[in-house]
Ligand SMILES: [Zn+2]
Ligand SMILES: [Zn+2]
């Protein structure tokens with residue numbers, strides 16, 4: 001899962017469920033994405049991460065490529081992205097966040113770059129908000145035929161087909177003689 005998805009989905013906007021109430025949850029996010037931390041994260045970092053979620057959610061709901069790119073460019077600027085090359089691991093490569101960037105600024109810059117790559121090479125058709133009942137999790141559809149409508153075919157997809165099945169049965173039962 002991309003950095004942006006993982007962050008945005010720590011809050012369920014429909015059911016108002018906070019899944020990252022503690023600093024630990026944010027540290028786990030950094031760990032999961034192999035992003036080293038020089039110092040333990042703080043409540044300030046957590047608050048910054050929480051503020052970042054609706055910003056990225058807007059990108060997933062952007063009406064077109066231009067709108068998505070504008071939002072992502074703004075995220076890069078607001079989080080002080082400073083593209084520069086480094087050979088800290090032995091080979092020259094590009095870093096987007098400033099070397100002394102705060103952890104959440106680094107997360108924001110890397111997350112924005114990853115989504116910019118998707119949007120500018122594959123378009124916004126790849127960015128989705130799940131249509132599953134009371135879900136609204138965001139996801140990047142990397143399937144070949146871009147047919148995904150649910151964050152998880154196993155969870156929301158199954159729930160939806162079960163609901164459709166129940167609705168059909170109910171309708172059939174309501175028709176006399178059927
Ligand atoms: Zn590096
Ligand atoms: Zn879903």
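The values are calculated or read from the model by the stated rules, or taken from the named source; none is laboratory data. Everything quoted here is computed from the prediction, not taken from an experiment. Using ideal geometry, Cβ is built from the backbone for each residue, glycine included, and neighbour counts are taken over all protein chains shown.
Among the conditions (1) at pLDDT below 95; (2) part of a helix (DSSP H, G or I), residue 34 misses just one, which is (2). Which of the strands (runs of 3 or more DSSP E) contained wholly in the range 73-166 include at least 3 residues that are away from ligand 1 (no atom under 16 Å from the Cβ)? Because the criterion is at least 3 residues that are away from ligand 1 (no atom under 16 Å from the Cβ), the strands (runs of 3 or more DSSP E) in the range 73-166 that meet it are 127-129, 138-140.
Of all the residues in the range 65-81, those that are at pLDDT 95 or above and touching a strand residue (DSSP E or B) at 6+ places or on another chain (Cβ under 9 Å) number 5. When only residues in the range 42-69 that are under 16 Å from the mean Cα position of the chain (by Cα) and outside any helix (DSSP H, G or I) count, which is surrounded by the most Cβ atoms within 10 Å (Cβ to Cβ)? Here the answer is 62. At pLDDT 95 or above and touching a strand residue (DSSP E or B) at 6+ places or on another chain (Cβ under 6 Å): is that true of residue 126 in this structure? Answer is no for this residue.
Looking across the range 70-83, the residues that are surrounded by fewer than 18 Cβ atoms within 10 Å (Cβ to Cβ) and within 23 Å of residue 137 (Cα to Cα) come down to 70, 73, 74.
Given the residues 116, 127, 72, which is the only one that is under 20 Å from residue 12 (Cβ atoms) and touching a residue at least 40 places away in the same chain (Cβ under 8 Å)?
Values: 116 fails: under 20 Å from residue 12 (Cβ atoms); 72 fails: under 20 Å from residue 12 (Cβ atoms).
Residue meeting the stated conditions: 127.
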